[in-house]
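First comes the structure, then the notes that go with it.
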Amino acid sequence: MTSKTLGRLDVANILENFLKGTGGPYHWDDFISVGTVADEHLKHIQRHVNLLSEEFPPETPGEYCNEQGRDVIRRYIAELRGS
């Protein structure tokens with residue numbers, strides 16, 4: 001991930017790519033650990049999605065979180081895209 005500050009659409013794209021499995025091998029880890037976001041609301045989203053695996057534990061090995069956690073991510077994507 002570059003050192004640029006991430007805006008709403010950047011974060012929406014990262015979340016969407018994560019759900020689709022189309023992000024790069026380290027994009028998710030970079031986003032939740034070192035990604036620089038543009039404002040406090042995006043920082044809240046970043047912190048929250050980082051904890052989804054604890055809040056909504058995966059039901060299948062290899063998953064990040066369960067379907068409820070993925071729904072949270074989908075809601076964030078819709079919000080960030082203004083849907």
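Of the helices (runs of 4 or more DSSP H) lying entirely inside region 12-83, the ones with 1 or more residues being surrounded by 14 or more Cβ atoms within 10 Å (Cβ to Cβ) and at pLDDT 95 or above are found at 40-50, 52-55, 67-81. Under the condition of being within 11 Å of the chain's Cα centre (by Cα) and either over 16 Å from residue 28 (Cβ atoms) or among the hydrophobic types (A, V, I, L, M, F, W, C) (or both), the residues counted in region 45-74 number 6.
Looking for whichever is free of Cβ contacts under 8 Å to residues at least 60 places away in the same chain and either touching a helix residue (DSSP H, G or I) at 6+ places or on another chain (Cβ under 8 Å) or among the acidic types (Asp, Glu) (or both) here; the options are 21, 62, 35. Which one fits? That would be 35, the only listed residue that is free of Cβ contacts under 8 Å to residues at least 60 places away in the same chain and either touching a helix residue (DSSP H, G or I) at 6+ places or on another chain (Cβ under 8 Å) or among the acidic types (Asp, Glu) (or both).
Scanning region 1-11 for residues that are surrounded by 11 or more Cβ atoms within 10 Å (Cβ to Cβ) and charged (D, E, K, R), we see that the one that is nearest to residue 81 (Cα to Cα) is 8.
The values are calculated or read from the model by the stated rules, or taken from the named source; none is laboratory data. Not measured: the values here are computed from a predicted model. As a convention, Cβ positions derive from the backbone with ideal geometry for all residues, glycine included, and neighbour counts pool all protein chains shown.
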